[in-house]
1. Mind telling me which of I334, I21, I161 comes out most flexible in a GNM of the chain, alpha-carbon contacts under 10 Å?
2. How big is the Rg/Rh ratio for the stretch 274-378, C-alpha atoms only, Rh by Kirkwood, two decimals?
3. Helix-only estimate, please: 222 nm mean residue ellipticity of the chain, summing -39500 (n - 2.57) across DSSP H runs of length 4 or more and dividing by its residues, to the nearest 500.
4. Considering every pair of different Cα atoms, what Kirkwood radius, in Å, is found for the stretch 114-172?
5. Let me have the relative contact order for the chain, percent, based on Cα pairs under 8 Å that are six or more residues apart.
6. Considering the Cα trace of the stretch 91-194, what is its radius of gyration and what is Dmax, both in angstroms?
7. Can you compute the charge dipole magnitude of the stretch 285-410 about its Cα centre, using +1 on each Lys and Arg Cβ and -1 on each Asp and Glu Cβ, nothing else charged? Give it in debye, rounded to the nearest 20.
8. List the lysines whose Cα sits under 18 Å from the Cα of K404, skipping any in the same chain fewer than 8 residues away.
Amino acid sequence: MAEKLRGAAVFGQSGGPTSVINASAYGVIRTALDAPEITNVYGMAHGIVGMLNDELYDMSKEDAGELELLLNTPSSALGSCRYKINGDEDLKKIHEMCVKYNIRYFFYNGGNDSMDTCNKISNYMEKVGYECRVMGVPKTIDNDLVGTDHCPGFGSAAKYIATSVAEVHQDAYVYDTGAITVMEIMGRNAGWLTGASALACLSDSPPDLIYLPEVPFDMDKFLRDIEAVYKKKKKCLITISEGAQYADGSFVSHAKVSTTDGFGHAQLGGTAAQLAARITKEFGVKTRGIELSLLQRCAAHLASQTDIDEAFLAGKSAVEYAIAGGTGKMVCFIRDSKDGKYHCRVEYEPLSICANAEKKIPKEWITKDETYVTQEFIDYVLPLIQGDNKRTQENSLPRFAKLKKIKATI
């Protein structure tokens, strides 16, 4: 057993928010505040940017009741960023901040790029001989982190998408006139979210065609697929990933002329609108392009309670593992079965294998005609969307956490 390490902890959130990322924040903050080894808990203002700018919040000064409301508060309560570590200059500044505040526990909540940030910090602390236990807490609706069966945030987004597709299906099929609907779903290179639209079949309201970024997009085939469905039904409901790409790697959307984030990733969008225009030109029928956009990652009203519970578990486990002596790891979920029912347990994988890598849908979970997902995919996602959000309400509206965000001082 590792020697007990006394000192402060710091926690930050990075990348795109989710409807349950604050449940992980609560898992880290509450567990750290209750740990005798941890002398204080700080929150980064806008992720690692807060560390670099000496902008930290003193989480010990927050009301316990407000902190608990983080369990059902969407987005990133402490603020997020998309900032790429700029070599040793930034790492030196982070080290100086850790020394200033006696930070010995570092927790960072994010996706692929955030795990890369975590890994760089962990390696630098070891290099300079400063004992600081660094842990990555996974987060991404894209579900593309390597090393974990699934990611906190994905289940809730999948539930929202499946529900929205089922509801749109009901509307799209209401008239006796012909119509085609294209729904654009988030996902740059991995189609987990778009595939989740297939769960609408469990409400007897499925999409007719699904297009994933794992399969090169072919416009001619796409139009033939639509024509075949439309001839039978006089309707067609399509879900497609925002990251759909042609065989040459170019995006179906207008991403090549859009902006990029701090890590050089294209800011996608416009796929549904562009395809709807092409479909109208090709078939001359009423066509709608629907982009779910931010709703997919902030719809806490449809959050999966399973997802909330597991997001909290990820944060709590990170703190417990670090106190026990662990460092340089990301919390990972392992899928088990107990009495024939879904069960999730925690393990830990090196940050080096989780950073800058993407987990895509296995080819065997995509149908041979490349326009749908298999039953194996549905069986994989279904346990993750279970349970209704047990949120606090006021005036029949959600009551979100109201943090004081008192700046830390030394």
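The values are calculated or read from the model by the stated rules, or taken from the named source; none is laboratory data. Please read these numbers as outputs of a predicted model, since none were measured by experiment. Quick reminder, even Gly has a Cβ in these numbers, built from the backbone with ideal geometry, and neighbours come from all protein chains shown. Please note that ligands, DNA and RNA were not included when accessible areas were found on the heavy atoms of the full protein model with its side chains. Shrake-Rupley method; radii C 1.70, N 1.55, O 1.52, S 1.80 Å.
1. I334
2. Working: Rg = 20.3 Å, Rh = 18.3 Å.
Computed over Cα atoms, the ratio is 1.11.
3. Numbers: 13 runs with 140 residues, N = 410.
Helix-only estimate at 222 nm: -10500 deg cm²/dmol.
4. Values: mean 1/r = 0.0706 Å⁻¹.
Final number for the Kirkwood radius of the stretch 114-172 is 14.2 Å.
5. Details: 943 pairs, mean separation 98.6, N = 410.
Relative contact order for the chain comes out at 24 percent.
6. Computed over the Cα atoms of the stretch 91-194, radius of gyration and Dmax are 21.1, 72 Å.
7. On the way: 20 positive and 17 negative charges, 153 e Å.
The calculation lands at about 740 debye.
8. Answer for K404, where 18 Å is the Cα cut-off: K61, listed by chain and number.
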